[in-house]
1. How do the pairs read when you match residues in the stretch 403-425 that are farther than 13 Å from S497 by Cβ with residues anywhere that are part of a helix (DSSP H, G or I) and among the polar types (S, T, N, Q), using Cβ under 8 Å and keeping only pairs 6 or more apart or on different chains?
2. For the stretch 368-414, which residues satisfy the criterion of being of a type in the set (S, T, N, Q) and surrounded by 17 or more Cβ atoms within 10 Å (Cβ to Cβ)?
3. Tell me yes or no: at least one residue of the stretch 321-332 is closer than 26 Å to Q217 by Cβ, surrounded by 19 or more Cβ atoms within 10 Å (Cβ to Cβ) and among the aliphatic types (A, V, I, L, M).
4. Anything in the stretch 110-130 that is in contact (Cβ under 8 Å) with a residue 60 or more places away in the chain, touching a strand residue (DSSP E or B) at 6+ places or on another chain (Cβ under 9 Å) and part of a helix (DSSP H, G or I)? List them, or say none.
5. Criterion first (out of contact with any Ser or Thr (no Cβ under 6 Å at 6 or more places or on another chain) and either farther than 30 Å from K205 by Cα or exposed (fewer than 13 other Cβ atoms within 10 Å of the Cβ) (or both)) does Y417 satisfy it?
6. Taking interchain pairs and intrachain pairs at least six residues apart, which have beta carbon atoms under 7 angstrom, with the first residue in the stretch 276-304 and of a type in the set (G, A, S) and the second in a helix (DSSP H, G or I)?
7. Only one of these is within 31 Å of the chain's Cα centre (by Cα), assigned to a loop (DSSP other than H, G, I, E, B) and in the same structural domain as S352 (by TED's automatic domain parsing): T322, T303. Name it.
Amino acid sequence: MPKLFVITEQESSSNIFFANLTEKFNSKNYEYFIANYSQPENKRIKENYQKLKESDYLILLLTAKSILNEMVTETVRIAKKNQDYHPEQKPWIIPIKTNIPIDSPWDYNLYSYLFKIRQWEWENADEPEKLIVKIIDYIEKPVFPSTPEMIIESKFINDSARNFTYRKPLPSSPPKLPKSQDNYAASFYIERPPIEKNCYQEITKPGALIRIKAPRQMGKTSLMARILDRAAKLGYQTAVLNLQLVESQIFNNLDKFLRWFCAAVASELNLAANLDNYWNEIFGSKVSCKSYFERYILKSIDTPIVLALDEVDHIFQYPEITVDFFSLLRAWHEDAKNRDLWQNMRLIVVHSTEAYVPIDINQSPFNVGLPIDLPELSADQIQDLASHYQLQLDMSEIEKLMAIVGGNPYLIKLALYQLSQKDITIDELLKTAATDIGCYAAHLQRHWCYLQQYPELAQAFKTVISCHQTVKLEVMQGLKLNSIGLINLQGNEATPSCELYNLYFKERLENSNF
C-alpha cells in the first residue's frame with residue numbers, strides 16, 4: 001500500500017479538490033500524512049521529514065500562494081535529495097496545479113525543481129473526480145519518471161504566454177534570462193553601482209571570467225541574468241547551467257560529469273551533442289572535454305559564447321571531481337591569453353561561498369578574473385525599491401526595517417510586498433517579524449528545518465547568537481552558515497547576519513538538544 005506525503009493549503013480554493021482527493025485515499029486505505037505550510041510552525045519538523053523520507057509519493061497541491069512558499073520549496077528539495085539514495089527514486093513527486101494563473105510568478109528554485117516533472121492541473125470549473133481517477137491510476141500503475149513513455153498532462157508554464165510586467169514586483173520569481181519573453185524594463189532590479197557597469201564592460205573582454213559571490217537570496221542570479229541579457233544584445237551566444245539542479249548520480253565520476261557538462265552546454269546552444277565524435281578514452285575526460293569545446297563548440301559558433309554556471313558551490317561536496325573541473329575552467333581562462341579560439345569563451349561563475357575543497361592556487365578559477373562580492377542594499381536603494389511597490393517610506397521607517405533585516409534584498413522585498421498588500425504600518429509588520437505568523441514565517445521555518453537536519457551547524461549557530469561578540473568557527477561550519485545567509489564572516493570570525501535571525505532562533509536553539 002503506497003505511503004503519501006501531502007502538501008496543501010486547506011483554506012484555499014483547492015479545498016474541494018483536496019476533500020475529494022483525501023476521500024479517495026481513505027476509500028483505498030492509503031496511508032497519508034498532511035503538511036499544511038499555511039499554518040504556524042509545525043513543532044514536529046523532524047517527524048515530518050522522516051515521514052517524507054518513508055513516503056512513496058509527494059503530493060503537491062499547488063496554489064498561487066504556495067508556489068512562493070519557501071517551506072514548499074524546501075520540502076521538494078529534500079524529496080529530490082531523498083530520490084538520489086532510493087533505488088526506485090522515491091518519493092515520486094506529483095505536482096497538481098490548482099487555479100494558478102498562467103502568468104503567476106514562481107519561486108525560482110521550485111520552478112526549476114518541478115519543470116521537467118509530470119504534472120496535473122485542476123480548475124474550479126472541472127469535476128475533481130476525472131483528474132483524481134488519473135492520479136490514482138498513476139499511483140497504482142506508475143510510469144517510472146525517467147522512461148520515455150511518460151506523458152506530460154499539461155505544460156508546466158507556457159513561457160511564450162508569460163507576462164512579467166507586474167504592477168508590483170514579488171520577492172522571488174524566476175530570473176529574466178535573455179532567451180525568455182520577459183520584459184526587462186519591468187523587472188524592478190535595483191542596481192548597486194559600479195558593479196553592473198563593471199560586469200557589462202568585463203564581459204566584452206576576450207576570455208573574460210566574472211566571479212559573483214554572495215550568500216543565497218542576495219541577487220546573484222538576477223545580476224547574472226542581466227549580464228547575459230547585455231551579452232545577448234551584443235550578439236553573443238549564451239548558455240546557463242544551474243549545478244544545483246543536476247541529479248547527484250551525474251557527479252559519481254569525472255567522466256560522467258564532463259560528458260553531461262559538454263552535452264548540456266551544446267543543448268543550451270542548440271547544438272547536437274555528438275559526444276562520441278570527439279570523446280577519446282585514451283586521452284581521458286579532461287582532454288576530451290577541452291577537445292570537444294575546441295573542435296566542436298567554439299568552431300560551430302563564430303561569435304563570443306557566454307557560459308554562466310549558477311550554484312557552483314554545489315559541486316564542492318564532490319571533492320573527487322571538484323579539483324579537476326575547476327582546474328579545467330582555469331586552464332580555459334589561461335588559454336584565452338594566448339589562443340584566439342579561446343578568446344570567444346567568456347565565463348560567469350556564481351557561488352555562495354568560498355571553495356572549501358583545497359585547490360592549488362595556480363589551478364583555481366577563484367583567484368583570477370573579475371571578483372564581485374554583492375553588498376547589501378543601502379537605505380537610498382531601499383527607498384528606490386519601495387517606490388516600485390507604490391510605497392512612500394521615509395528614512396526613519398527604512399531605518400526601522402534595516403535594524404531588523406539589514407540590507408538583505410530578499411528580506412527587504414518580503415517586507416515591502418507585505419506592506420503593499422495589506423493596510424499595515426512598518427511598526428505593525430515588525431511586531432510579528434520574528435514569529436511564525438509574520439511575513440518571514442516560511443523563510444524562518446525553512447532555515448529552522450535546515451538546522452535540524454544538520455545538528456553540527458545548529459550548534460555552531462547557537463554559539464554565534466549566544467555571544468555578544470564575534471565568534472571563531474570551524475572553517476567548514478562558518479562557510480556553510482554564511483552561504484545560506486545566517487551569519488556574516490570576517491575571516492573565521494562570525495556574527496549573526498541580521499537581528500531577525502537573532503530574535504527568532506535564540507530561544508529555539510537554547511531549548512533544543514543540539
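The values are calculated or read from the model by the stated rules, or taken from the named source; none is laboratory data. Predicted model only: the values in this text are computed from it and were never measured. Using ideal geometry, Cβ is built from the backbone for each residue, glycine included, and neighbour counts are taken over all protein chains shown.
1. Qualifying pairs under 8 Å: I424/Q418.
2. Of all residues in the stretch 368-414, those of a type in the set (S, T, N, Q) come to 378, 381, 383, 387, 390, 392, 396, 408.
The answer is Q381, Q383, N408.
3. Within the stretch 321-332, one or more residues are closer than 26 Å to Q217 by Cβ, surrounded by 19 or more Cβ atoms within 10 Å (Cβ to Cβ) and among the aliphatic types (A, V, I, L, M).
4. Just the residues of the stretch 110-130 that are in contact (Cβ under 8 Å) with a residue 60 or more places away in the chain, to begin with: 111-113, 122, 124, 128-129.
Cutting the leftovers down to touching a strand residue (DSSP E or B) at 6+ places or on another chain (Cβ under 9 Å) gives us 112-113, 122, 124, 128.
Once the filter is applied, which keeps residues that are in contact (Cβ under 8 Å) with a residue 60 or more places away in the chain, touching a strand residue (DSSP E or B) at 6+ places or on another chain (Cβ under 9 Å) and part of a helix (DSSP H, G or I), the stretch 110-130 yields S112, Y113, P128.
5. Values: out of contact with any Ser or Thr (no Cβ under 6 Å at 6 or more places or on another chain): yes; either farther than 30 Å from K205 by Cα or exposed (fewer than 13 other Cβ atoms within 10 Å of the Cβ) (or both): yes.
Criteria met by Y417.
6. Close Cβ pairs satisfying both conditions: S285/L254; S285/D255; S285/L258.
7. On the way: T322 fails: assigned to a loop (DSSP other than H, G, I, E, B).
After applying the criteria, what remains is T303.
For (1) under 21 Å from M218 (Cβ atoms); (2) not assigned by TED's automatic domain parsing to the domain that holds S497, each residue gets a yes or a no:
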site	(1), (2)
L391	no, yes
D394	no, yes
E397	no, yes
A403	yes, yes
L411	yes, yes
L414	yes, yes
S420	no, yes
A434	yes, yes
L451	yes, no
